[in-house]
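*Asks:* The structure under discussion is supplied below as structure tokens; questions concerning it will follow.
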Ligand code: ZN
């Protein structure tokens, strides 16, 4: 059984990466520890923060507007975003197949039609983010667009033996346009070979904001020289992205729950948070540098 099929069958994609890292590091089970802005992180603490419990991964978070035509339709710990346009919708991350019914419910509770999803995107080829692609395509007829470098891993992701659909292959810098919205796909490899960060300029009232849907930046598993080269490029690239609204593939990466709780009618939108756009990159780069140093 290769690693990818383990990821799909096991479901706990990220856990396997950390276990491998621990085994190959040869050091204490959960190291290194890094301190960023007064908080300490270890590989296990980041994983626990991202994934929560199995129930958290499957429990609907109240669906809500993030900014402009961007909505949150995911669970407590697995992000899924709906970008609504007059020509249909874009769904970023279907998460686990067993969550698709919950995502559909969230889309409908916001007043939109699930069948209006025309394009499915994913932030990276792990089951907790893209296992549901085939199910969403079957229910909506949407096209699945995927970064070329992640296509082999996606093709190995076959829940229930279903073929993983890939209708359009993306390359770094490609644009995805639907209605009046355009997303740009940025290859931000490292966590997987084709991990993808999407950016969009979104109108909200009379203002326009740069929204960044960050991919995972977490160094799980073995960091080979090739993967290190990917991360070095990725960390430099993401810090240059124009950003007013940072989002992430796990809600904890952008403090969703706290921001959601801060929303008030007529008050400032807490998701517009330019000052914290690169907090998650800071944490993940600190961990990545520490991992490289420890295992050298
Ligand atoms: Zn992952």
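The values are calculated or read from the model by the stated rules, or taken from the named source; none is laboratory data. It should be emphasised that the depicted structure is a prediction, and the values quoted were computed from it without experimental measurement. Using ideal geometry, Cβ is built from the backbone for each residue, glycine included, and neighbour counts are taken over all protein chains shown.
*Asks:* With respect to residue 130, determine if the residue is surrounded by fewer than 21 Cβ atoms within 10 Å (Cβ to Cβ) and in contact (Cβ under 8 Å) with a residue 24 or more places away in the chain.
*Replies:* no
*Asks:* A follow-up question, please. Return yes when residue 230 is within 16 Å of the ligand (Cβ to nearest atom) and either modelled with pLDDT of 95 or more or touching a strand residue (DSSP E or B) at 6+ places or on another chain (Cβ under 7 Å) (or both) and no when it is not.
*Replies:* yes
*Asks:* So, one more: Run down 153, 146, 125 and say which single residue is within 16 Å of the ligand (Cβ to nearest atom) and either assigned to a strand (DSSP E or B) or modelled with pLDDT under 95 (or both).
*Replies:* Checking each option against the conditions leaves just 146.
*Asks:* Residues 169, 223: which one is free of Cβ contacts under 8 Å to residues at least 40 places away in the same chain and not in a helix (DSSP H, G or I)?
*Replies:* Checking each option against the conditions leaves just 169.
Residues checked against (1) in a loop (DSSP other than H, G, I, E, B); (2) under 18 Å from residue 254 (Cβ atoms):
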site	(1), (2)
29	yes, no
57	no, yes
71	no, yes
77	yes, yes
90	no, no
101	no, no
105	no, no
111	yes, no
120	no, no
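*Asks:* One residue is enough: does region 251-272 have a residue meeting the conditions closer than 21 Å to residue 84 by Cβ, assigned to a helix (DSSP H, G or I), touching a residue at least 24 places away in the same chain (Cβ under 8 Å) and within 16 Å of the ligand (Cβ to nearest atom)?
*Replies:* Yes: one or more hits.
*Asks:* I would also like to ask the following. Residues to consider are 197, 222; find the one that is closer than 18 Å to residue 91 by Cα and within 16 Å of the ligand (Cβ to nearest atom).
*Replies:* 197
*Asks:* Kindly establish whether residue 60 is in contact with a helix residue (DSSP H, G or I) (Cβ under 7 Å, 6 or more places away or on another chain) and under 27 Å from residue 210 (Cα atoms).
*Replies:* Working: in contact with a helix residue (DSSP H, G or I) (Cβ under 7 Å, 6 or more places away or on another chain): yes; under 27 Å from residue 210 (Cα atoms): yes.
So residue 60 passes the test.
*Asks:* Given 29, 33, 48, 55, which one is within 16 Å of the ligand (Cβ to nearest atom) and either surrounded by 13 or more Cβ atoms within 10 Å (Cβ to Cβ) or modelled with pLDDT of 50 or more (or both)?
*Replies:* Result: 48 is the single residue among 29, 33, 48, 55 that is within 16 Å of the ligand (Cβ to nearest atom) and either surrounded by 13 or more Cβ atoms within 10 Å (Cβ to Cβ) or modelled with pLDDT of 50 or more (or both).
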